[in-house]
Amino acid sequence: MKTDAELVASALTGSQDAFRELVVRFERPVYSLIVRMVQDSAMAEDLAQEAFVKAYRSLRSYDASRKLSSWLFKIAHNTAIDHLRRSSPDTVSLDASPDEDGRGGLAAVLADGSVENPAAAAERRDMARALERAISRLRPEYRESVVLFYIEGASYQEICDVTKLPLGTVKTNLHRARKELAQEMTAQGWGTETRRSDGS
Amino acid sequence: MHTDPHDSLTRWLAAERDDRADSEADPMAERLAEEIAEAALLELFELLPPLSPPAGFADRVMMRVEGTFPAPAPVSWLGRLVCSLGFRVAVASGVAASTVALLWLPELLLVLGRLVTLGDVVGLGTASVVDLGRWLTLAARIGEWFFTVGGALAVSLMSPAAVKVTAACLAISGISFVALRDLMTRDRSWSHVDPVQ
């Protein structure tokens with residue numbers, strides 16, 4: 001399997017297949033970041049496409065000594081911010097049923113039915129919804145750090161590169177975000193035995 | 001690996017409570033609680049199904065970038081000029097005009113031969129050389145004047161007061177540049193975005 005740098009080099013010589021492979025490789029993390037920032041699945045797809053088009057156009061400026069994912073996250077970050085600044089944020093409720101936004105919504109994407117039994121599946125779905133709801137209520141800069149660190153596995157330094165925030169600020173944001181998530185989950189009744197018995 | 005999500009959640013929230021309780025008492029215990037909380041939260045996030053774009057996403061991206069393929073290879077400015085449509089049109093027009101003009105070339109030469117004598121040509125050449133000499137003399141005088149002014153300025157700038165003023169101007173310019181760049185960079189920070197909700 002070709003490395004990211006090899007694919008970038010091939011794409012720069014005009015290989016469409018190489019660039020397509022890069023898109024396939026990074027479409028999930030880029031989309032995952034953007035959809036959690038703008039909270040609209042249709043808009044997130046459009047913005048993720050825009051981010052990849054921007055990446056293609058500025059592929060020559062990519063520094064191969066850095067991780068490609070960090071560079072793409074940076075472009076996704078800028079694209080999401082530009083969108084949020086252009087328009088007043090159009091939020092989609094995570095509680096919305098799949099029919100309400102026509103595209104399934106974030107909650108529908110989270111409702112993974114591939115879990116072993118119905119009770120466990122229901123609990124997992126409820127918990128996923130609660131967690132996503134808690135994430136969506138974080139401040140944007142906290143939310144972005146949480147998605148990058150806990151979901152996409154980015155390092156502190158990578159988050160600094162993407163957000164252009166100092167290392168200390170990133171660590172503080174993550175710490176505070178974790179506390180706020182815990183408060184939100186507790187407020188929703190999670191983490192107690194009663195909730196477990198309710199869910200099962 | 002299927003970790004029980006409820007266990008992860010319980011460990012995480014318990015560690016957060018311990019962290020809060022220990023934060024003023026024991027830094028080591030606080031650190032331990034922090035590590036447990038982080039690990040449990042990571043487990044919990046692993047249970048979330050990945051958010052993927054709808055099928056065919058890569059194809060739609062490729063359709064959007066299709067018009068720009070192949071990727072621009074590193075080409076010199078001369079190469080880009082030669083490849084440009086404008087340059088090609090100009091060359092084609094030039095060749096066409098020259099071809100048409102060839103039809104009237106013999107007649108044009110005959111007319112010119114009657115109008116212009118050899119003496120005229122020599123006179124024109126001599127006048128051109130004299131004019132060129134005058135322009136060169138003028139350019140040399142202007143250059144000399146700049147050199148004199150520059151020398152005088154250099155002497156005055158060597159004084160301590162002038163050095164201080166120059167340094168202050170440079171410092172102000174530098175600070176302004178940094179502040180401007182900072183403003184432009186901050187433009188994309190989350191603090192400049194209305195919070196969602």
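The values are calculated or read from the model by the stated rules, or taken from the named source; none is laboratory data. Please read these numbers as outputs of a predicted model, since none were measured by experiment. Note that we place each Cβ from the backbone using ideal geometry, even for glycine, and neighbour counts take in every protein chain shown.
Does B:R60 satisfy the criteria of being of a type in the set (D, E, K, R), surrounded by 12 or more Cβ atoms within 10 Å (Cβ to Cβ), modelled with pLDDT under 80 and under 30 Å from A:M37 (Cα atoms)?
Against the criterion (of a type in the set (D, E, K, R), surrounded by 12 or more Cβ atoms within 10 Å (Cβ to Cβ), modelled with pLDDT under 80 and under 30 Å from A:M37 (Cα atoms)), B:R60 does not qualify.
For A:I81, only one of the following conditions fails: (1) surrounded by fewer than 24 Cβ atoms within 10 Å (Cβ to Cβ); (2) touching a Pro at 6+ places or on another chain (Cβ under 9 Å); (3) at pLDDT 90 or above. What is its number?
(3)
Among residues belonging to the range A:22-34 that are crowded, with 19+ Cβ neighbours inside 10 Å and free of Cβ contacts under 8 Å to residues at least 60 places away in the same chain, point out the one that is farthest from the chain's Cα centre (by Cα).
Looking at the filtered set, the residue picked out is A:L22.
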